[in-house]
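Presented below is the structure to which this report refers.
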Amino acid sequence: MTGGVPSVADAVVIGAGAFGLSAAYFLAREGAGRVVVLDRYAPGSQTSPRAAGLFKLIQGDELRTRLAQLAIETVLGFSEETGVSLPVERSGSLLVARTEAHAAMIYREAEQSRCWGVELELIDAHEAQRLAPYLEPEGILAACSIPGDVYIEEPASLLTAYQQAARRHGVAIFGHTPVTGIRVRNGEVTGVTSPGGEIAAPVVVDAAGAWARQVGRLAGASVPVVPMRHQLYITQPIAGVEPSFPIVRLIDAAVYVRPARGGVMLGGFESDPLPLDPAGRGESFSMDDVPLDFTVLEQLTGLVDRNLPALRQAGVQEHRGGLFTMTADGLFLAGPVPGVRGLWTITGCNGSGFSFSPALGRVLAEWIVHGEPSVDIRRLSPERFTRHFSDEELVAAAVWQYTHYYAPPETGSDEE
């Protein structure tokens, strides 16, 4: 032992956000042995606590639908399984469209999601308002109610729950301990180095979020993700808003809202997003340094305030933002990293990492420990990127995925 950091482990997880903490907990639960988590900052302090906390069952394909179902099942059963408190609001949600193209998209996704076992109901605008009294029905052409959707009021509570559950399984978590090197011998991981010392380990998991690409380079490996800014705000309390009101996604505006702290949270996908690679920002860069721009959120609010009139007068109690990790195809990056045996990654959140972390961390841990995951996620493996992207190509593709998050199939892809 050097400075509290062990010299030997069975698995080292780099990054203590939602992905890393979930993977660490499930690695220990699945019997991986001695699991160590290292993070350059305080555990659970970067993008994950700045998330919206939304869980969404309607997804663009069957794999992500199954993972979304597993994620909600996992968080709803987390307290009973672990003995760790995790409040989850069973609010349900509404998908709402105000254009013909987005209405067609809701009908298409509802039909396929029902086939994949998602409980849902197509409703009219007035029923949508009955379910979500803060929503005005004007101009709504299609709406879908998904009663199984949930949200976590304070995203930091999931990170705390992961940490407590992981520690109960013997996981050692070290903050302010950046990984400075990944040891590779004969194409195989042998451990990591940090200011706290060297840890010999046959398994290393890159869950470093916005730093995942840099961490991969420490092993000479490619982890093709692009950090992209995402912002939201929470209003001051608004009379009549209840935590049980459903999440509302106005997909033609790429905006989501939900109850939050007595008011409403609003976030969305801006049309001219900001890629931001920490690699060029210095060693001390953290999420506190992400430049926020409230005018972007004002513009998004202007797209929906006729349906959410309470936003017009509501003051703002918090404006926050972090960095999504976007991939070229809008899918997660989870699995073994080609060319370096023992190196795994779980990143490429594409805007849904927080809510998928209970499922992806669990399934990746099964794959690592047992050699086979309970849900086949091989199509999410980094090996699908067989060609090298230039930085310019990767950024352009990532920007496209971000700006087409809720796009109908004629103009884009539905990648959540």
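Just a few scattered comments:
- For the range 151-162, putting each phi into the Karplus relation 6.51 cos²θ - 1.76 cosθ + 1.60 with θ = phi - 60° gives couplings of 9, 9, 3, 10, x, 4, 5, 5, 5, 5, 5, 4 Hz, in residue order, rounded to whole numbers and with x for Gly and Pro.
- Given charges at beta-carbon only (K, R positive; D, E negative), |dipole| of the range 83-203 in Debye: 800 debye
- Taking the Cα centre of the chain as reference, the dipole from Cβ charges on Lys and Arg (+1) and Asp and Glu (-1) amounts to some 1120 debye.
- Projected label distance in nm at residue 200 and residue 99, using a 7 Å step from Cα toward the beta-carbon: 5.9 nm
- Residue-averaged [θ]222 nm for the chain, counting only DSSP H segments that reach four residues, each worth -39500 (n - 2.57): -9000 deg cm²/dmol
- Virtual paramagnetic centre 7 Å along Cα→Cβ of residue 293, amide N under 11 Å, in the range 243-284: 270-275
- Gyration tensor over alpha-carbon atoms, the range 294-416, equivalent ellipsoid semi-axes in Å: 34, 18, 13
- Listed residue (337, 401, 317) projecting farthest to the positive dipole end of the range 296-406, Cβ model: 317
- Given charges at Cβ of Lys, Arg, Asp, Glu: the chain dipole, positive-most of 386, 367, 67: 367
- Rounded tilt (10° steps) of 100-115 against the dominant C-alpha axis of the chain: 60 degrees
- Mean-position separation - Cα centroids, the range 291-357 and the range 74-139, in angstrom: 19 Å
- Packing-based exposure ordering (other Cβ within 10 Å, fewest first) of 10, 376: 376, 10
- Net charge contributed by nearby residues that have their C-beta within less than 13 Å of residue 387 (K/R +1, D/E -1): -2
- Filtered trypsin sites (Lys or Arg not before Pro), the range 283-382: DSSP coil and at most 14 other beta carbons within 10 Å: 306, 312
- Angle between the chain longest axis and helix 294-304 axis [Cα atoms, degrees, rounded to 10]: 40 degrees
- Beta bridges by DSSP in the chain, antiparallel share as percent, to the nearest 5: 70 percent
- Between 0 and 90°, nearest 10: helix 353-370 axis offset from the chain longest Cα axis: 40 degrees
- (1) 30.2; (2) 18.5; (3) 20.3, with the label sought being that of the calculated mean projected area of the Cα convex hull in nm²: (2)
- Subtracting the Cα-Cα distance of residue 391 and residue 341 from their residue separation scaled by 0.36 nm leaves 15.5 nm.
- Efficiency of FRET between residue 316 and residue 384 - r from beta-carbon atoms, R0 41 angstrom, step 0.05: 0.50
- Of 161, 235, 176, farthest towards positive along the dipole that unit charges on Lys, Arg, Asp, Glu beta carbons give the chain: 176
- Potential lengthening of the chain between residue 42 and residue 164 amounts to 42.4 nm, from the contour at 0.36 nm per residue minus the alpha-carbon distance.
- The range 31-156 shape via C-alpha gyration tensor axes, a/c threshold 1.5: prolate
- Environment charge at residue 169 (Cβ cut-off 10 Å; Lys +1, Arg +1, Asp -1, Glu -1): +2
- Cβ-defined net charge surrounding residue 147, 11 Å radius [Lys, Arg +1; Asp, Glu -1]: -2
- The charge dipole of the range 286-416, taken about its Cα centre with unit charges on the Cβ of Lys, Arg, Asp and Glu (plus for the first two, minus for the last two), comes to roughly 320 debye.
Any read-out appearing in this document is the output of simple, stated calculations on the displayed coordinates, not a laboratory observation. None of these values were measured; they are calculated from a predicted model. Heads up, the Cβs are rebuilt from the backbone with ideal geometry, glycines too, and the neighbour counts pull from every protein chain shown.
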